[in-house]
1. Cβ-Cβ distance below 8 Å, separation of 6 or more or different chains: which pairs start in segment 93-107 with a residue that is within 18 Å of V81 (Cβ to Cβ) and end on one that is small (G, A, S) and surrounded by 14 or more Cβ atoms within 10 Å (Cβ to Cβ)?
2. Hey, any hits in segment 99-107 for a residue that's under 13 Å from D31 (Cβ atoms), assigned by TED's automatic domain parsing to the domain that holds G133 and not polar (S, T, N, Q)?
3. If a residue must be within 13 Å of A35 (Cβ to Cβ) and surrounded by 19 or more Cβ atoms within 10 Å (Cβ to Cβ), how many such residues does segment 53-95 contain?
4. Give segment 63-92 a look and list any residue that's in contact (Cβ under 8 Å) with a residue 24 or more places away in the chain, over 22 Å from T28 (Cα atoms) and among the aliphatic types (A, V, I, L, M), or say none.
5. Go through the residues of segment 34-47 one by one and say whether even a single one is within 12 Å of the chain's Cα centre (by Cα) and modelled with pLDDT under 95.
6. Looking at S50 and the list (1) surrounded by 12 or more Cβ atoms within 10 Å (Cβ to Cβ); (2) touching a residue at least 24 places away in the same chain (Cβ under 8 Å); (3) within 17 Å of F146 (Cβ to Cβ), which single condition is not satisfied?
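The values are calculated or read from the model by the stated rules, or taken from the named source; none is laboratory data. On a predicted model such as this, the values are computed, not experimentally measured, just so you know. Backbone-built Cβ (ideal geometry, glycine too); neighbour counts: all protein chains shown.
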Amino acid sequence: MNKLLTTVSVLLLIISASVAVEAQNKRTRFDPSGAFWISGEPPAGFSDFSSINLNMRNLRRLPTTGLQLNDGTSFRFKTVVVKQNNFTFTTDVKRGVSYSFAGRFLKGGDFAATWMGEETPVLEGTLTKLKDGKKVADAKLKFIYFGGT
């Protein structure tokens, strides 16, 4: 009987530990899905910029992943790396224009689950605009997050 009680206790301990680890993994999962807007006024060369959009889970409430201009023009990512300490992309070319970005997220976790509507920057990096393959604008920027409606 003592052996059975010990075995059951050990099994319960293992099960509760695995549940705690799974809960921790869900809390620390990195998912920056949402829109990122320039914090403050856009610098010269970026007055037409609207947002960088990430839709990691292909949710209908979020725009398609890519870069968007104020007139609705969307640039799909040609290359992209989305990690907390390394977020880079290059876009496709439209009317001779393309963009690239190299930066990092300033926080981790599931952005939509923790978003409180703050105007605190959560992304920083250098955005570069190219025309016919030549740099026409670049700026070191900070971005605020919007999780969608």
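1. Every condition considered, the pairs that remain are F101/G125; A102/G125; G103/G125; R104/G125.
2. Step one: filter segment 99-107 for residues under 13 Å from D31 (Cβ atoms), giving 105, 107.
Within this subset, residues satisfying the condition of being assigned by TED's automatic domain parsing to the domain that holds G133 are 105, 107.
Next, from what is left, pick out any that are not polar (S, T, N, Q): 105, 107.
So far as segment 99-107 goes, yes, one or more of its residues are under 13 Å from D31 (Cβ atoms), assigned by TED's automatic domain parsing to the domain that holds G133 and not polar (S, T, N, Q).
3. The total comes to 5.
4. L67, the sole residue that qualifies.
5. Step one: list which residues in segment 34-47 are within 12 Å of the chain's Cα centre (by Cα), which gives 34-37.
Still in the running and modelled with pLDDT under 95: 34-35.
Checked against the condition, which is being within 12 Å of the chain's Cα centre (by Cα) and modelled with pLDDT under 95, segment 34-47 yields at least one hit.
6. Exception for S50: condition (2).
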